[in-house]
Structures are given as C-alpha cells and as structure tokens.
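Inspection log for the structure reproduced underneath, given as structure tokens.
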Amino acid sequence: MMLKFGSRLLFILFLFLCTESFGQETYLISGTIVDEKQVPINGATVFISGSKKMTASDRNGRFSFEGILPGNYTLSASMLGYSTPSHALAIHSQSLNVTFIMKVKPIALNEVKIGTNDDWKRHYALFKDQFLGTSGNAKHCVILNPEVISFSSRKLGNSHIELEADADDLLIIENKQLGYRIKYLLRTFNYNPKSSLTFYDGDSHFEEMKGTEKQKKTWATNRLKAYQGSLMHFLRSVYARNALNEGFIANQMVKSSNVFDPKIYMKPDPVNFDTLLRPVDSSFVAFTFTGLHVAYDPKKASHLGARKSASETRTNEKQPANQEPELSPMDQAGKSSQLILHLEEAVIDERGSILTGYKTFLIRGNWANKRIGDQLPMEYLTPLISD
C-alpha cells in the first residue's frame, strides 16, 4: 500500500512540475487568410508546425488557436492550388494576430518532370530513403498518398542525377513505429548524389494514431528511445542548463584554415553552457557558439559530471594553463553530431523550439541522419517511470 501511495504522490508531483515548467499563462494565435485580392479564403488548412494543433479557416478566412504557451512557433497554411506561406512567431507575453496572403501556385511545366512510371518508382524509392530516413522507425513509415509527389531531375556529369521533388498537397505519413500520423507540407526537396547531400524544407502536423493498450505501450517505449539523444532532447537540456546531466558531452570545435576540419579538432574540456547562453526573458534564451561537437553518452557524461563536481570543491587548486585542442573521431559509437551556427545566435524555448527552425544550424553526423521517421511533436514529454 505504501508503495502505491508513494507512486501516486510522485505522479501528482510530476503533473504539478510539468504544469509549472511549461507555465500557466496562455495566449491566442489568431488570423485571417486572404487571396491576392484580399478576398477571404474558406477551408484553408492552418497548423502550428511540429505540433498536434491544426484547424481550418472559416468563410470569413478566420482561424484561431487557444491555450498557446510562451515560445517559438511556425504557423503554416495550405490549400490546393495556392502557395504555402508560413510565419515564424515568438509568443512572449501577449496574443498575436497574423494575416496570410495566399497566391495562386504556378503550374510546373511538364517537360521538367520525370514522366515514365519506371522513373517515378525509382526516384520515389530514393526520395523515401532521403526524406523519411533509413532508421528502424523510418522503415515502418508509409506515405499514404504518394501520387501527389512530382519529381524533376538534372544531370550532374555522366553518372549522377540531381533529384528534386514537390507535392501538390499535404503528404500523409503513418509512422507505425511511433504511433503518429503526420501531415507534411513539402516546400523543397533536393538530393545531390555527387555530394551525398540532401536538403528538404517543410512543416509537419502530428496526430495520435488509434491503437490497443499494448500498441500504445510499445509506442511510448519507441518514442522515448527516439527522444533520448535527439536534437530536441539536446536543445531542451541546453535551455535547462543540464546537458551533461542529461547525457550530452559538448565540445567546442576549432577552425582549421578558416573552416571546421572534417576530422573535428576540438577543445578537450566540455563546454560551460553558462558562457554560451544569454537570458532573453523568462521564456527564452539566446544560444551563441560557432561549432559544437556533441556526443550522447550518459555513462561517460555521468563520470565527467562527478569529476566536475569534485574539481569545483578544490577551490585552492591551480588549474592547468592553456590546454591545446585535441583530435577527436568524427563519430563515437554512432551517437555524435556536429552543430555549426549560421546566425549570430539561436533563440530557443524550453521545448527546444527555435524561432528560425533547424535551418539555423548546419547539422552533421547522427542528427543529420534522423529524418521525418524519427521526429516527435513539440508536445512530447518523457513518461513517468513507474516502480
């Protein structure tokens, strides 16, 4: 009985902490969708990217989202035959109202599209690998409406073909490993086999799939595995200033010949995030750095944390002077990633959301290989571990 009572008490405390962590003050995001002649558009799909929130505009072109917590959001709109605008928003201490102007989407010329059925199948298979990913989670993803995808190509020399893709409507993806149905607004997709680089851009909406209690338990386990060590996990831990405690070892990368060497020269001591973070207000921090090498290794991070605590108690002990950067392997057990900041700073909230999105960074290594098949919604919280 005492064990059950203790578990219930912990559960109540967990709910209280979650409520406190994400704040109690909420706001409204509202707006209007019009065409180029300022005529309201009825029935346009409007959603907050990376979330479970979606609605449609009414006959006056109006829409609204209630109960919005302070943080970074990307608001997107979609309607067949129109362009797909988006707005990056930061909710601080007041509600926001936005206007979407949707332009008629020009029809692509037939001659730039790959026309044969065999070509389409071959390029669709390549698209799935590069867009969904090749992880265990990605392999369980199914695109339910592949017919909305069109491909175009460009020759790169004798043996390489650059592939581009667009979609006439929202892609509908079922992730049977994580239990989500994803609607994805694909804006850009480009795969260059010569450089082995893939670039895609778009916005996603998540919906919980229906399942049995057994399936839901499996999904919860798989979601936790997808979260641990992810970029979302890292950015949340950075915001909370507990990255090392969460299992992340981040080292400052050092430039060689004005570029970050692919072999990753980095400073030997883990970074002190207090020197990289600047409070913006109670809901945001500015994250400033040049390049970081980040390894997810909870066991090693725990040892480093213990050493750090011990060293901090030796206040009279002399510290070694000017340690030289050392050469680190590009990847540690497949769990290392590199972040290079494109902008002056990345403004993040407690959910790990960035005002300018992931395109704020150049991402290499493990995180770069995690595609749509490993994504989680911004509402995701790690489950309470029971006795």
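The values are calculated or read from the model by the stated rules, or taken from the named source; none is laboratory data. Keep in mind that what you see is a predicted model, and the values were worked out from it rather than measured. Don't worry about glycine lacking a Cβ; one is built from the backbone with ideal geometry, like all the others, and counts go over all protein chains shown.
Among the conditions (1) farther than 19 Å from Gly136 by Cβ; (2) under 21 Å from the mean Cα position of the chain (by Cα); (3) surrounded by fewer than 21 Cβ atoms within 10 Å (Cβ to Cβ), Pro193 misses just one, which is (2). Out of all the residues in segment 213-226, is one or more among the acidic types (Asp, Glu), closer than 27 Å to His87 by Cα and not in a loop (DSSP other than H, G, I, E, B)? No, that holds for no residue. Got at least one residue in segment 320-334 being crowded, with 16+ Cβ neighbours inside 10 Å, closer than 13 Å to Phe248 by Cβ and modelled with pLDDT under 95? There is at least one residue in segment 320-334 that is crowded, with 16+ Cβ neighbours inside 10 Å, closer than 13 Å to Phe248 by Cβ and modelled with pLDDT under 95.
Residue-by-condition table, conditions (1) small (Gly, Ala, Ser); (2) more than 18 Å from Pro377 (Cβ to Cβ); (3) assigned to a strand (DSSP E or B):
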residue: Ile33; (1), (2), (3): no, yes, yes
residue: Gln38; (1), (2), (3): no, yes, no
residue: Asn42; (1), (2), (3): no, yes, no
residue: Phe47; (1), (2), (3): no, no, yes
residue: Leu75; (1), (2), (3): no, no, yes
residue: Gln94; (1), (2), (3): no, yes, no
residue: Asn97; (1), (2), (3): no, yes, yes
residue: Phe100; (1), (2), (3): no, yes, yes
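All conditions but one from (1) acidic (Asp, Glu); (2) in contact with a Ser or Thr (Cβ under 6 Å, 6 or more places away or on another chain); (3) modelled with pLDDT of 50 or more apply to Glu317; the one that does not is (2).
Scanning for something outside any strand (DSSP E or B), buried (at least 16 other Cβ atoms within 10 Å of the Cβ) and modelled with pLDDT of 90 or more, does segment 162-171 turn up at least one residue? Checking segment 162-171: at least one residue is outside any strand (DSSP E or B), buried (at least 16 other Cβ atoms within 10 Å of the Cβ) and modelled with pLDDT of 90 or more.
So which of Gly179, Gly247 is without any contact (Cβ under 8 Å) to a residue 60 or more places away in the chain, crowded, with 16+ Cβ neighbours inside 10 Å and in contact with a His (Cβ under 9 Å, 6 or more places away or on another chain)? Lay out the reasoning, then the answer.
Working: Gly179 fails: in contact with a His (Cβ under 9 Å, 6 or more places away or on another chain).
Only one candidate qualifies: Gly247.
When segment 49-70 is filtered for residues that are of a type in the set (A, V, I, L, M) and part of a strand (DSSP E or B), the ones remaining, listed by number, are Met54, Ala56, Ile68.
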